[in-house]
């Protein structure tokens, strides 16, 4: 088995291991209430920009400040994953998810990145080490957004059912598109933590676009009806971000919705 094939298998195994977090088949009850949502422009090529961060990492706050200036729009959507492997080093990050660390390790294994580091940035599933250079990052984002989307994503049926967010995602792939996998995350912003231990001891940290629940990946054939657990306490607004990726984790397209709960 080649190294690239091994990385693809590792990516699939790790991501599937993460799938149960926040995910359940849509139940018959409770009744769902449709939500008022702002959505991404239909047919757009939207770039997925991911930051892997931790409240226990003293070099992460500057990266989060940069990502905090991004907003979901017609060209990009930011996602900030808080990893859990810093939690044993003096401060437990209340936003850390095992799924965050699993996805980061899988992307590193599938690509040409030598190691898992924090902070770490991926653009459409590919590591981008020059993210601190604003011009380089902007240029990369513009190039990615100018590509013809291999997959069109349609979000519909967004509704609240008790403590969960329901949605349906349809992926319309071009004939030349590779087999696809679909993934979804719920993002929350306006989060604040006063850190009393670890590398950021004494700091007050502000977070935007933080992953609070993740679902998938699932094979992209047919509509995907899924649910994500809402954070407690439930905020007034959340963002749902969805994307299609190939078996190596390379993002083919993304979409989003911002919903009032």
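Nothing in this text is a laboratory measurement; each read-out follows from the coordinates by a stated rule. Owing to the predicted nature of the structure, the values given are computational and were not obtained by experimental measurement. FYI the Cβ positions are ideal-geometry reconstructions off the backbone, even for glycines, and counts take in every protein chain you see.
The table below lists the values:
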{"read-out": "Gyration tensor (Cα) of the stretch 140-261, equivalent ellipsoid semi-axes in angstrom", "value": "30, 19, 12"}
{"read-out": "FRET efficiency estimate (nearest 0.05) - Cβ-Cβ, residue 156 to residue 236, R0 30 angstrom", "value": "0.85"}
{"read-out": "Residue 203/residue 116 FRET efficiency (R0 22 Å; Cβ-Cβ; nearest 0.05)", "value": "0.40"}
{"read-out": "Antiparallel DSSP beta bridges within the stretch 19-132, as percent of all bridges there, nearest 5", "value": "45 percent"}
{"read-out": "Among 246-253, 224-231, the order from most to least packed when residues are scored by Cβ within 10 Å on average", "value": "246-253, 224-231"}
{"read-out": "Per-residue [θ]222 nm for the chain (sum of -39500 (n - 2.57) over DSSP H runs n ≥ 4, rounded to 500)", "value": "-6000 deg cm²/dmol"}
{"read-out": "Choice from 104, 172, 183 showing the highest fluctuation, given a GNM over the chain with Cα pairs closer than 10 Å", "value": "172"}
{"read-out": "Highest-fluctuation residue, 220, 68, 162 considered, GNM on the chain with Cα pairs under 10 Å", "value": "162"}
{"read-out": "Fluctuation leader among 113, 218, 154 - the chain, Gaussian network, Cα springs under 10 angstrom", "value": "113"}
{"read-out": "Proxy reagent accessibility, fewest Cβ within 10 Å first, across 93, 84, 163", "value": "163, 84, 93"}
{"read-out": "Simple label model, 7 Å out from Cα along Cβ direction - residue 39 to residue 133, nm", "value": "3.9 nm"}
{"read-out": "Descending principal axes extents, the chain, alpha-carbon based, whole Å", "value": "48, 46, 36"}
{"read-out": "Efficiency of FRET between residue 71 and residue 174 - r from beta-carbon atoms, R0 41 angstrom, step 0.05", "value": "0.90"}
